[in-house]
Amino acid sequence: MQITVDLDLCESHGSCVFAAPGIFSFDDDDYLLYEPAPDDGLRGAADRAAASCPVRAITVAAAP
């Protein structure tokens, strides 16, 4: 699985962090951190995180 976040669109609402804390987090400066190629077992959480993003900055796709 491949995750892409358009950081130009991201407004740091944090809904992805709550939906998929195994993939998304914030650093000490509230900058979004994420695992771009998480384990496929986290696909459900990744899809929930993408769906919860109010600005649709997250894309989840099959691994290349």
Just to be sure I understand the model, the point goes 7 Å from the Cα along the line to the Cβ. What's the resulting Arg48 to Asp8 distance in nm? 3.1
Which of Arg43, Arg48 is most accessible, then next, and so on - probe 1.4 Å: Arg48, Arg43
Extent of the chain along each principal axis, from alpha carbon coordinates, in Å, largest to smallest? 29, 20, 18
Under a Cβ-only charge scheme (Lys and Arg +1, Asp and Glu -1), can you give me the dipole magnitude of the chain about the Cα centre, in debye to the nearest 20? 380
Suppose only helical runs count, i.e. DSSP H with n ≥ 4. What mean residue ellipticity at 222 nm does that imply for the chain under -39500 (n - 2.57) per run, divided by all residues and rounded to the nearest 500 deg cm²/dmol? -6000 deg cm²/dmol
For Asp40 the rounded accessible area (nearest 10 Å², probe 1.4 Å, non-protein molecules ignored) is 110
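For the chain, what is the accessible area per residue in Å² when the probe is 1.4 Å?
61
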Using only Cα atoms, tell me the angle between helix 43-52 and the longest principal axis of the chain; keep it within 0 to 90° and round to the nearest 10. 40
Could you state how much accessible area Asp8 has, in square angstrom rounded to the nearest 10, with a 1.4 Å probe and all protein chains kept in place? 150
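The values are calculated or read from the model by the stated rules, or taken from the named source; none is laboratory data. Because the structure is predicted, anything quoted here is derived from the model rather than measured. Here Cβ is always computed from backbone atoms with ideal geometry, including for glycine, and neighbour counts include all displayed protein chains. SASA here: full protein model, heavy atoms, side chains in, ligands and nucleic acids out. Shrake-Rupley method; radii C 1.70, N 1.55, O 1.52, S 1.80 Å.
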